[in-house]
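A short write-up of the structure that comes next.
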Amino acid sequence: MDYATVLQILDSAMRLTAPLLLACLAGLWSERAGVFDIGLEGKMLIAAFAAAAVAAVTGSVWVGLAAGIGASLALAAVHALASITFRGNQLISGVAINFLASGLTVLLGQSWFGLGGRTPSLEGAARAAPITLPGAEGVRGVPVIGPLYADVLSGHTPLVYLALALVPATWWVLFRTRFGLRLRAVGENPASVDTAGVSVVRLRWAAVLIAGVLCGLAGAYLATGLSAGFVKEMTAGRGYIALAALIFANWRPWRALGATFLFGLMEAVANRFPSLDLGPVTVPSMFMTALPYILTVIILAGFIGRATPPRAGGEPYVKER
């Protein structure tokens, strides 16, 4: 494998990591506050459809992005209402959101566009344009480092860089601010937070809505940045992979970056080598396609050591009288 091929794989991995990272951070915010969110997949899917549909109609990727965030926030509010306000089962609420988004996107897509659940292909201003980082062309000729900067780090859409920037931002808010301290405390011991006079319900609602915004960004990127429109079930299990990456990362932002990049890299390798010739053995295309999901199963089977979720995760809080 030559250096040019390595650069192509890394460039593809960067693009594929962005939606996983955004979804993983969404799950991190929600679960750190004690609300399990199986509905990441559904919120990404509805956001992808809304972003692509509105961008196709208006011709503006930014209006589409706002629509995607709004659609994801609507489902996040449903999840918060069911699991926080009405103290319903968080897992059932998340699964219901996934089913709702799966059916609703196809139904609306067929009703509005008549393309079998797809949206029209996005072109021009309806798609996210790549950004060339400063000095990328100037350093391209520098051995090793130049192509890495010009071809791997540069040339991505704004949401890729936003996803990377949100990792230190999430770390700082959660571990260096009063809001983050209270939010993490709600996920560990909500009674102590309530005793201190801080609203557990308000903090959990805030965390779930933040997760909704991040899922909206992830879905919008899938439809307007990574692809050129919406197709049926285009999230392809990325919400579940993000949850696996969250467990792999032990609910920490910087580890989430590494975990999601690993998944993105596996998918990039599978796309680059449909069937991998290892000399005496040829890895079949079916195995390469399933590689990211096989890695998910291995992680969830417990081969990463002990992962410790927030202690109050999944438990509705009932205020003591």
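The values are calculated or read from the model by the stated rules, or taken from the named source; none is laboratory data. Keep in mind the model is a prediction, meaning the values are calculated, not measured. As a convention, Cβ positions derive from the backbone with ideal geometry for all residues, glycine included, and neighbour counts pool all protein chains shown. Ligands, DNA and RNA are excluded from the accessible area calculation, which covers all protein heavy atoms including side chains. Shrake-Rupley method; radii C 1.70, N 1.55, O 1.52, S 1.80 Å.
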Query raised in the report: Which of the residues that make up segment 216-260 are part of a loop (DSSP other than H, G, I, E, B) and under 24 Å from P130 (Cβ atoms)?
Result: S227, A228, G229, F230, V231, M234, T235, A236
Requested in this report: Report whether or not F86 is of a type in the set (F, W, Y) and more than 30 Å from E315 (Cβ to Cβ).
Outcome: no
Query - Residues (under 20 Å from Y221 (Cβ atoms) and either part of a helix (DSSP H, G or I) or in contact with a strand residue (DSSP E or B) (Cβ under 7 Å, 6 or more places away or on another chain) (or both)) located in segment 109-127 - result: G109, G124, A125, A126
Query - Verdict on R238 being modelled with pLDDT of 75 or more, surrounded by 15 or more Cβ atoms within 10 Å (Cβ to Cβ) and not aromatic (F, W, Y) - result: yes
Report summary line: Flagged in segment 191-212 as at negative phi and open to solvent by 50 Å² or more (accessible area, probe 1.4 Å), in numbering order, are S192, T195, A196, V201, R202, W205, L209, I210
Report task. Quickly run through segment 128-138 and pick out the residues that are in contact (Cβ under 8 Å) with a residue 24 or more places away in the chain, open to solvent by less than 80 Å² (accessible area, probe 1.4 Å) and not in a strand (DSSP E or B). Result -> A128, A129
Query raised in the report: Residues that are touching a Pro at 6+ places or on another chain (Cβ under 8 Å): which helices (runs of 4 or more DSSP H) entirely in segment 139-206 hold 3 or more of them?
Result: 158-176, 178-188
Query raised in the report: Filter segment 265-302 for residues that are modelled with pLDDT of 75 or more and of a type in the set (D, E, K, R); which is surrounded by the most Cβ atoms within 10 Å (Cβ to Cβ)?
Result: E267
Query raised in the report: For segment 41-69, which residues satisfy the criterion of being more than 12 Å from L222 (Cβ to Cβ) and in contact with a Pro (Cβ under 8 Å, 6 or more places away or on another chain)?
Result: A56
Query raised in the report: Before we move on, is A223 in contact (Cβ under 8 Å) with a residue 12 or more places away in the chain, touching a Pro at 6+ places or on another chain (Cβ under 9 Å), surrounded by 16 or more Cβ atoms within 10 Å (Cβ to Cβ) and aliphatic (A, V, I, L, M)?
Result: no
Report task. Within segment 243-258, track down each residue that is open to solvent by less than 50 Å² (accessible area, probe 1.4 Å) and either closer than 24 Å to G155 by Cβ or among the basic types (K, R) (or both). Result -> A256, L257, G258
Query raised in the report: Among the numbered criteria (1) in contact with an Asp or Glu (Cβ under 7 Å, 6 or more places away or on another chain); (2) at pLDDT below 95, which single criterion is violated by G27?
Result: (2)
Query - Selected residue (criterion: surrounded by the most Cβ atoms within 10 Å (Cβ to Cβ)) from residues of segment 156-181 that are polar (S, T, N, Q) and under 20 Å from A206 (Cβ atoms) - result: T170
**Report entry** Sole residue being aliphatic (A, V, I, L, M), touching a residue at least 60 places away in the same chain (Cβ under 8 Å) and out of contact with any Pro (no Cβ under 7 Å at 6 or more places or on another chain), chosen from I298, I247, I294, I241
**Finding:** I247
**Report entry** Failed item in (1) surrounded by 21 or more Cβ atoms within 10 Å (Cβ to Cβ); (2) touching a residue at least 12 places away in the same chain (Cβ under 8 Å), with E188 passing the rest
**Finding:** (1)
